[in-house]
1. Hey, among Asp78, Asp113, Asp120, Asp132, which residue is touching a Phe, Trp or Tyr at 6+ places or on another chain (Cβ under 7 Å), on the phi < 0 side of the Ramachandran plot and of a type in the set (D, E, K, R)?
2. In segment 80-121, which residues are closer than 30 Å to Ile47 by Cα, of a type in the set (Phe, Trp, Tyr) and either in a helix (DSSP H, G or I) or touching a His at 6+ places or on another chain (Cβ under 9 Å) (or both)?
3. For segment 134-150, name all the residues that are under 10 Å from the mean Cα position of the chain (by Cα), of a type outside the set (Phe, Trp, Tyr) and surrounded by fewer than 17 Cβ atoms within 10 Å (Cβ to Cβ).
4. So which of Arg41, Arg117 ends up being in contact (Cβ under 8 Å) with a residue 40 or more places away in the chain, surrounded by fewer than 12 Cβ atoms within 10 Å (Cβ to Cβ) and not aliphatic (A, V, I, L, M)?
5. Select, from Leu51, Leu26, Leu35, the only residue that is over 23 Å from Met141 (Cα atoms), at pLDDT 85 or above, part of a helix (DSSP H, G or I) and more than 16 Å from the chain's Cα centre (by Cα).
6. Quick check: anything in segment 62-79 modelled with pLDDT under 85, buried (at least 16 other Cβ atoms within 10 Å of the Cβ) and farther than 30 Å from Asn7 by Cα?
7. Could you check Gly101 against (1) of a type in the set (Gly, Ala, Ser); (2) within 30 Å of Val36 (Cα to Cα); (3) over 18 Å from the mean Cα position of the chain (by Cα); (4) loosely packed, with under 14 Cβ neighbours inside 10 Å and say which number it fails?
8. Take segment 151-165 and flag every residue that is surrounded by fewer than 17 Cβ atoms within 10 Å (Cβ to Cβ) and either in a helix (DSSP H, G or I) or of a type in the set (Lys, Arg) (or both).
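The values are calculated or read from the model by the stated rules, or taken from the named source; none is laboratory data. All figures in this text were calculated on a predicted structure; none of them were measured in a lab. Every residue, glycine among them, receives a Cβ derived from its backbone with ideal geometry; neighbour counts consider all protein chains shown.
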Amino acid sequence: MENLNINYDKTVSNATVSMISAGAILVISVLIVLLVLVIKRWKGRFIPLALGVLSYVVFGFMFSQLLMSVLSLIPNVDQSFTYNTNAYVVIYNILLAAGFGIARWFTAKMMTDRYNRTGDVLMAGTGLAIGDTVITYALSMFTFFVYAQAISANGLEKFISDMFNSGMA
């Protein structure tokens, strides 16, 4: 293994893993309270929520993944993404933002004629937010949780050597 001047004695404490879990529980609790509040106070229905989640998954996530796959088929673009992950992240986020805008437009267009209550509009927006939260933030938080748990259990040196041996790095 090459020398990167890393202090391998530093590790992640168990409190960090617990705090990541507590953050996830807090996010889920706030989401449940928000849904109950919108359903009870503004008489929100479930279909706009499902429409918001579905439109985010189709137009936000799948749209950006499909276009990134098409872009990576171009040889020069694939080379630039291979050696510059920052460019990949920037282009992916631009495409994700464009897809999210399309998802919002599609959701508003579908709801115009059928759903006219305030709660329905709030539920559709909450559905878009749930899609964004699950796809973007929950996957990142899950990844950080796994990394923190692995470093806490085995130490940083073992974690890095396992990553290099498995081909993840």
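1. It is Asp132.
2. Across segment 80-121, the qualifying residues are Tyr92, Phe100, Trp105, Phe106.
3. Val134, Thr136, Ala138, Leu139, Ser140, Met141
4. Exactly one residue qualifies, and that residue is Arg41.
5. Exactly one of Leu51, Leu26, Leu35 is over 23 Å from Met141 (Cα atoms), at pLDDT 85 or above, part of a helix (DSSP H, G or I) and more than 16 Å from the chain's Cα centre (by Cα), namely Leu51.
6. Yes: segment 62-79 contains one or more residues that are modelled with pLDDT under 85, buried (at least 16 other Cβ atoms within 10 Å of the Cβ) and farther than 30 Å from Asn7 by Cα.
7. Of the numbered conditions (1) of a type in the set (Gly, Ala, Ser); (2) within 30 Å of Val36 (Cα to Cα); (3) over 18 Å from the mean Cα position of the chain (by Cα); (4) loosely packed, with under 14 Cβ neighbours inside 10 Å, the odd one out for Gly101 is (3).
8. Ala153, Asn154, Glu157, Lys158, Ile160, Ser161, Asp162, Met163, Phe164, Asn165
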